[in-house]
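All remarks here apply to the structure that follows.
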Amino acid sequence: MLHQVFEVGSLLQPNGQVPPPQPLHMVQASAPGKCILFGEHAVVYGQPAVAVAIDQRMTVSLEISDVWRIDGMRFSPERHPHVESLKQRLWANGPSLSIKVNGDIPPASGLGSSAALSVAASAALRCARGRQIKDDDWGEGWTAARPNAVYTGPWDVEQGDSVQTGKDSVDVDECAILSHAVEASAQGGRASPLDSSTCSHGGCIVLSDKVESDLNWIYSRTLNDVSWEVHAVDLPKEIEDVWLVIGNTGIHAPTSEQVAKVARLLENEPGRMREIETIGIISRRGIAALKEGNMEGVGRAMSENHLLLRSIGVSCSELESLISAAAPSSLGVKLTGAGGGGCMIALTRNPKETSEAIELAGGRTLISKIAAHGLIVDSDDNSPLWNPFE
Ligand code: PMV
């Protein structure tokens, strides 16, 4: 659905009155960032990883424009590979758009900024063009069964077909699939669906190499012969009493380097696989504590998880000093994501105190509740910006 906003012209009419407002159609959608509570690195070897959506979000808005623009500048496919990839899938031959991206997720810090952008952009583009419906089913669209489908048109609507428009045409799974596909293509074919699923569905998502019987399985994902089972976790009301404080070291350490470092360690010392398996055991214990609302147990599992991440070599002195500063006021502390820099998280009942301690130690902080809302489409109108089915 479309947001109708009114632009008040700057020129006054000859009679001195402000001209009547002109409707300006705009579609807007937003998606949250994520952080990993348990299981980073071990997930590469099949162990479960747990991520939660955070309060920080990316918002994408679209309007028809004379030329392609992003944030007022000429659109450059090289600078915005995720948006370019989505444009090719959802907006081939569509009219030029002006895209605005706003948000408070720091880029390249392991908090899912590119997945959140991709999820929000997928939803906005889908909403802005609608979807063809054939025989009560999608005439085109991406599902877990056809994640790499290519739809080129022509988009003739036959008798009995209809076009779903606006918010009703947006599907959360489809946005997760598209976001995963464009993340993978922007990262040379490698990406787990953890970010895309968490930023799309919101809440708490668990990825594993097998179906976890005590969790809500949502779907399987396969990319380049690697498969993941994606689950959601129902969280109890006790999560309302705790916060995550995210401390950013400001150091950029590419995920691929940290993953390669762990791979080298395991190649040279195969016995260290025990530590990876122990992370898996801790993740499962953390999930059980989360489900029971035992926040002390969740915190303990986070801190234990961190000791193992440190032992496999993915922490660094800057992360350690933020973690030491946060520990006294927290239930649990650990690095989050690939490590080597990037961010740490603290689970706390005293977010102000924990945040101040991290900042005194030199980190920049963000505060979030656990398990924020997933994709949201803002809308108040129901006509597409472009109708490819006409
Ligand atoms: O950098 P992030 O937050 O996307 O986390 C990477 C997580 C790893 O387990 C280290 C890598 C992966 O592909 O799962």
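Here are some notes:
- Test result for GLU277, without any contact (Cβ under 8 Å) to a residue 24 or more places away in the chain and within 16 Å of the ligand (Cβ to nearest atom): no
- The residue list SER200, SER208 contains one member that is touching a Leu at 6+ places or on another chain (Cβ under 9 Å), closer than 15 Å to ALA51 by Cβ, at pLDDT below 95 and within 16 Å of the ligand (Cβ to nearest atom), which is SER208.
- Segment 141-163, residues that are modelled with pLDDT of 85 or more and crowded, with 17+ Cβ neighbours inside 10 Å: GLY141, TRP142, VAL163
- Among the candidates LYS167, LYS210, residue that is in contact (Cβ under 8 Å) with a residue 12 or more places away in the chain, open to solvent by 10 Å² or more (accessible area, probe 1.4 Å) and part of a loop (DSSP other than H, G, I, E, B): LYS210
- Some residue of segment 250-261 being open to solvent by less than 20 Å² (accessible area, probe 1.4 Å), in contact with a helix residue (DSSP H, G or I) (Cβ under 8 Å, 6 or more places away or on another chain) and either more than 15 Å from the ligand (Cβ to nearest atom) or not small (Gly, Ala, Ser) (or both): no
- Residue tally, condition in a loop (DSSP other than H, G, I, E, B), more than 16 Å from the ligand (Cβ to nearest atom) and open to solvent by 40 Å² or more (accessible area, probe 1.4 Å), over segment 83-118: 4
- Flag for LEU347 being at pLDDT 95 or above, more than 13 Å from the ligand (Cβ to nearest atom), outside any helix (DSSP H, G or I) and under 24 Å from the mean Cα position of the chain (by Cα): yes
- Residue match in segment 47-55 (condition: more than 16 Å from the ligand (Cβ to nearest atom), within 21 Å of the chain's Cα centre (by Cα) and touching a residue at least 12 places away in the same chain (Cβ under 8 Å)): yes
- Scope segment 291-317; condition more than 16 Å from the ligand (Cβ to nearest atom) and either in contact with a Phe, Trp or Tyr (Cβ under 7 Å, 6 or more places away or on another chain) or open to solvent by 20 Å² or more (accessible area, probe 1.4 Å) (or both); matching residues: LYS291, GLU292, ASN294, GLU296, ARG300, ALA301, SER303, GLU304, LEU307, SER317
The values are calculated or read from the model by the stated rules, or taken from the named source; none is laboratory data. Every value quoted in this text rests on a predicted model; they were computed, and no experiment measured them. Cβ sites come from the backbone with ideal geometry, for glycine too, and all protein chains shown count toward neighbours. Accessible surface areas use protein heavy atoms only, side chains included; no ligands, DNA or RNA. Shrake-Rupley method; radii C 1.70, N 1.55, O 1.52, S 1.80 Å.
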